[in-house]
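Everything on this sheet refers to the single structure shown next.
The values are calculated or read from the model by the stated rules, or taken from the named source; none is laboratory data. Computed from a prediction, not measured in an experiment: that's the story for all the values here. All Cβ positions, glycine included, derive from the backbone under ideal geometry; neighbour counts span all protein chains shown. Just so you know, the surface numbers come from the protein's heavy atoms only, side chains and all, with ligands and any DNA or RNA stripped out. Shrake-Rupley method; radii C 1.70, N 1.55, O 1.52, S 1.80 Å.
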Amino acid sequence: MYRYDEHDATIIRERVAQFHDQVARRLSGEISENEFKPLRLQNGLYMQLHAYMLRVAVPYGWLSSAQLHRLAHVARTWDKGYGHLSTRQNVQYNWPALEDVPKILAALAEVEMHAVQTSGNCIRNTTSDHFAGVAREELEDPRPYCELIRQWSTFHPEFAALPRKFKIAVTGSPRDRAAVQIHDIGIRIVENEAGERGFEILVGGGLGRTPRIARSIRDFLPKADLLSYLEAILRVYNEQGRRDNKYKARIKILVDALGVDAFREAVEAEWAEIKDGAMKLTDEELARVAKHFEPPAYESLEGGDALLAGKKLSPNRRFAAWLESNVEPHKVPGYAAVVITVKSPGRPPGDITADHMDAVAELAERFGFGEIVITHRQNLCIPDVRIDQLEALWAELDALALGEANYFRATDIIACPGLDYCSLANARSIPVAQRLTERLHKLERLEGVGELTINISGCINACGHHHVGNIGVLGIDKQGEEFYQLMLGGSSAEDASLGKILGPAIPSDEIVDAVDRVLDAYLSLRNDGERFLDCVRRVGTRSFKERVYV
Amino acid sequence: MSESNSRPSILVNGQISEDAWRSVDDESPVPSEGDVIVSLARWQRDRPELGDRLGRTAVRLDPEHSGRELADAFDALDMIVVDFPKFTDGRGYTIARRLREQLGWRKALRAQGDVLPDQVFFMQRCGFDVLALRADKSLETAQRALSAFSVSYQGAADDPRPLYRRRPEGVVRSARAS
Amino acid sequence: MHFVVTASATKTGQPVYRAPADTWTERFDAAQSFGERALAEAALEAARREEAVVCDPYLIDAAHAEIDGEPRLRPVALKEQIRADGPTVALP
Ligand code: SF4
């Protein structure tokens with residue numbers, strides 16, 4: 001993974017000092033809350049219902065075990081002993097005191113971490129595929145490009161006061177685990193007819209009030225032009241994006257308003273002026289950054305896929321189910337990537353205790369190469385585990401209550417913080433996720449239903465990505481009562497689509513039954529081996545509606 | 001002409017200086033001497049008359065402008081001003097970089113309006129060398145903020161080269177030594 | 001209907017409520033309630049001048065509810081109830 005050089009370290013050290021000074025000026029009253037707000041936000045510090053919330057950046061989700069240990073330390077020392085994994089692969093703390101934040105940042109800086117631009121109207125942390133570098137079908141490792149984008153966007157002097165937040169995601173694999181089509185800019189590594197590698201550039205995806213699937217504005221961008229092209233897009237957006245209405249300020253609205261062709265022309269015109277300038281990436285720089293992501297020292301192992309197939313016949317049904325759902329084929333024979341879901345009955349989805357952070361960090365040392373990835377679905381991943389050690393790893397995870405076999409299953413729920421923490425919420429998300437988990441967590445049910453994503457948001461801002469859940473749940477407020485709207489058929493993968501509303505909103509105490517009936521309907525409607533998503537797409541929502549609103 | 005135009009001090013190239021400039025609105029007569037700032041509309045309307053003055057002349061751009069409006073007036077002007085009506089409106093940064101890096105404006109470039117100490121580092125990088133801070137803000141804090149960072153990743157108006165074109169081994173070594 | 005002035009403490013971000021004698025309390029129970037909107041607005045104005053100590057003061061609606069057989073002042077909105085009482089889910 002990427003390691004800081006002197007320059008990176010200096011920038012982060014100076015950032016800690018700068019924020020320290022800003023906090024001091026806020027506490028002394030020299031700056032008002034209004035002036036402080038954008039400053040704290042650009043450092044990931046929100047004000048929520050009960051306390052400040054600090055979002056720590058985890059660039060493209062990648063952590064060393066030392067960094068995860070440090071996150072555990074922060075949770076214990078300055079928070080309430082836990083953290084939260086976000087859908088954009090970051091880590092959030094719900095209870096830090098303002099005067100402690102500079103100390104937290106100093107502690108993070110020691111392990112090359114920070115909270116730079118994890119909120120605010122600026123370019124946010126770039127996200128990516130959690131199986132980057134190991135996925136079997138991957139064309140090329142996206143992480144070097146994520147890192148180049150991280151450096152370009154960090155304290156970019158021109159783009160610190162954009163009309164609205166700006167999110168970029170990169171995938172190097174045809175299977176999209178990074179949700180690139182619902183980002184402001186989505187980047188796919190592609191190959192052109194000449195066999196050269198470059199990027200396809202998509203713009204204007206996003207959720208919220210106006211959900212949009214991103215549109216392609218360039219089929220092929222040479223690698224050396226990545227940063228100048230991004231700069232051209234951001235410049236067009238900074239100048240022309242709306243600033244009169246925050247709900248119409250994202251780039252997707254600008255792309256809608258101009259039309260994708262006019263938007264592309266504006267970008268290309270801006271790009272023509274800068275593309276051959278100093279921003280062109282040099283071969284040395286591409287090589288320098290790529291070097292940080294060279295594969296670890298794999299052993300050459302026998303048996304690979306056959307060994308894994310054999311293990312799935314294990315008499316231990318829970319282990320076999322875990323292999324089926326949580327273990328992903330790997331580029332290197334004899335290895336697999338393992339997802340550790342932090343979702344099981346009684347837990348808020350995505351929350352992880354300091355003890356579990358430490359435990360996973362240790363397991364990553366023993367069973368992997370000391371690296372851990374945070375996934376878009378708010379789980380953890382150890383990307384390189386020997387297949388012949390999977391059983392030993394699972395036994396340890398199971399002892400920690402982290403061995404749940406539910407990655408991409410009904411209880412692998414994405415839920416936003418909702419009304420329990422968030423000041424913008426209309427309804428609670430976490431208790432709904434917990435009640436659903438309680439109902440659906442039995443292995444027979446999970447295996448019976450198979451691949452399924454349930455995504456829950458506490459309001460239209462859609463932080464829980466409800467539009468792109470196979471089942472989406474959106475909290476609304478009806479005269480002070482919590483109601484939930486159900487949506488079916490969403491996806492954030494390569495076949496991205498927005499869910500369709502099933503029918504009238506459902507009161508809180510009936511929502512779990514309603515979801516249960518959706519699953520029963522699926523089981524009675526599906527063809528052999530048909531995924532939930534494909535079934536909804538084939539039969540349409542009406543057949544489901546008849547069976548849910550009885 | 002109103003009193004509020006006479007700010008006591010501004011930062012010029014990082015130094016606290018007297019502000020010699022006064023803004024003239026679109027209707028008031030322009031004095032024939034002294035340094036004045038007029039709007040783009042006024043400049044476009046009264047260009048011949050403004051060009052005849054003894055004092056220096058500057059034109060103020062608003063966020064909806066691009067900077068290209070003045071491309072043919074560089075010789076006639078002594079300073080360009082970019083107004084920031086709200087500090088959260090970042091269009092002025094793009095205008096500044098375009099003026100400096102694409103259109104080649106070399107003379108003074110002034111940021112004014114809702115200019116706060118925590119923006120000046122970025123403003124300076126985008127090419128502003130005159131910073132008229134909001135009247136209630138501390139020039140000393142702003143001065144300090146100008147050196148918030150000693151390294152930047154991107155190229156900008158202050159140095160067009162991104163870090164990867166400035167990264168000779170010598171620089172890395174000397175940083176390590178310190 | 002009653003009104004209470006609330007804000008978030010600058011130091012901790014915790015919810016605080018305007019209490020008698022221009023002080024702040026973390027306990028909703030100890031908050032000062034105003035029966036008249038105009039009085040509440042005046043208290044809000046005063047609170048706004050303390051922005052070094054608190055962030056973004058605003059007014060919330062409160063009403064008496066029977067709790068353990070006693071009438072107690074409670075926030076009306078669910079959001080404000082959760083804000084006053086803490087998250088409704090057990091922390092991990
Ligand atoms: S979706 Fe709404 S309720 Fe949920 S975290 Fe986002 S803003 Fe808050």
Note down the nm distance, to one decimal, between modelled labels 7 Å out along Cα→Cβ at B:ARG106 and at A:ALA401.
7.1 nm
Give the dimensionless ratio obtained when the Cα radius of gyration of segment A:406-550 is divided by 2.2 N^0.38 Å.
0.96
Filter the DSSP H helices in chain A by two things, a Kyte-Doolittle mean of at least -1.0 and an axial alpha-carbon span of 20 angstrom or more, and list the hits by number.
A:6-28, A:226-240, A:260-274, A:511-525
Length added when fully stretched, A:TYR549-A:ASN245, from 0.36 nm per residue minus Cα-Cα
105.7 nm
Along the dipole axis of segment A:304-399 (charges at Cβ: +1 for Lys and Arg, -1 for Asp and Glu; origin at the Cα centre), the most positive-end residue among A:PHE367, A:ALA321, A:ILE382 is A:ALA321
Restricting to DSSP H runs of at least four residues, report the calculated mean residue ellipticity at 222 nm for chain A, -39500 (n - 2.57) per run over all residues, nearest 500 deg cm²/dmol.
-11500 deg cm²/dmol
Ranked by accessible surface with a 1.4 Å probe, highest first, in what order do C:THR12, A:THR118 come?
C:THR12, A:THR118
Taking each pair of distinct Cα atoms in segment A:6-109 once, what is the resulting Kirkwood hydrodynamic radius in Å?
14.2 Å
Just to confirm the filter: which GluC sites (Glu not before Pro) across segment C:1-60 are DSSP coil and have at most 12 other Cβ within 10 angstrom of their Cβ?
C:GLU36
Where trypsin sites (Lys or Arg not before Pro) fall in DSSP loop in segment A:4-90, at most 16 other Cβ within 10 Å
A:LYS80
Per chain A, cysteines lacking a partner by the 4.7 Å Cβ criterion
A:CYS122, A:CYS146, A:CYS381, A:CYS422, A:CYS459, A:CYS535
Can you put C:ASP22, B:ASP118 in order of accessible area, largest first, using a 1.4 Å probe?
C:ASP22, B:ASP118
Starting from the residue with the highest accessible area, list A:SER64, A:SER423 in decreasing order, probe 1.4 Å.
A:SER423, A:SER64
Can you tell me how much longer the chain between A:ALA262 and A:ASN34 gets when fully stretched, taken as 0.36 nm per residue apart minus their C-alpha distance, in nm with one decimal?
78.5 nm
Could you work out the mean projected area of the convex hull around the alpha carbons of chain B, in square nanometres to one decimal?
11.3 nm²
Tell me, what is a quarter of the convex hull surface for the C-alpha atoms of chain C, in nm² with one decimal?
6.6 nm²
Bins of 10 Å, starting at 0 and running to the largest distance - Cα pair percent for segment A:57-193
12, 38, 33, 15, 2, 0
On each of the three principal axes of the Cα atoms of the protein assembly as shown, give max minus min coordinate, whole Å, ordered largest first.
94, 77, 55
Return the percentage of antiparallel bridges among DSSP beta bridges fully within segment B:9-160, rounded to the nearest 5 %.
25 percent
Given labels modelled 7 Å from the Cα in the Cβ direction, how far is it in nm from A:ASP5 to B:ASP75?
4.5 nm
Over 32 Å between alpha carbons, listed pairs A:LYS248/A:LYS442; A:LYS252/A:LYS291; A:LYS80/A:LYS442
A:LYS248/A:LYS442; A:LYS252/A:LYS291
If I ignore ligands, DNA and RNA and count only protein heavy atoms, how much of A:LEU443 is accessible to a 1.4 Å probe, in Å² to the nearest 10?
30 Å²
Per the Kirkwood definition applied to all pairs of different Cα atoms, how many angstroms is the hydrodynamic radius of segment A:304-399?
13.7 Å
If I take R0 = 25 Å and measure r between the Cβ atoms of A:LEU301 and A:VAL111 in this structure, what FRET efficiency does the formula 1/(1 + (r/R0)^6) give, to the nearest 0.05?
0.20
Take the Cβ-Cβ distance between A:LYS103 and A:GLN389 as r, set R0 to 41 Å, and report the resulting FRET efficiency rounded to the nearest 0.05.
0.60
Using a 1.4 Å probe, how large is the accessible area of A:HIS20, given in Å² and rounded to the nearest 10?
110 Å²
Are there any GluC sites (Glu not before Pro) in segment A:58-140 that are in a DSSP loop and have at most 16 other Cβ atoms within 10 Å? List them by number.
A:GLU110, A:GLU137
Output the Kirkwood hydrodynamic radius of segment A:117-203, Cα pairs only, in Å rounded to one decimal.
13.4 Å
Please state the shape class of segment A:184-315: rounded when a/c is under 1.5, otherwise prolate if a/b exceeds b/c and oblate if not, all from the C-alpha gyration tensor.
oblate
Just to verify a number: what accessible area does A:SER325 come out at with the full protein assembly present, 1.4 Å probe, Å² rounded to tens?
10 Å²
Nearest 100 Å² is fine: what is the total accessible surface buried where chains A and B meet, probe 1.4 Å?
3800 Å²
If I build a Gaussian network model for chain C, linking alpha-carbon pairs within less than 10 angstrom, which residue out of C:LEU59, C:LEU39, C:LEU78 has the largest mean-square fluctuation?
C:LEU78
Among A:ALA17, A:TYR82, A:VAL56, the residue whose Cα sits farthest towards the positive end of the charge dipole of segment A:6-109, when +1 is placed on the Cβ of each Lys and Arg and -1 on the Cβ of each Asp and Glu, is A:TYR82
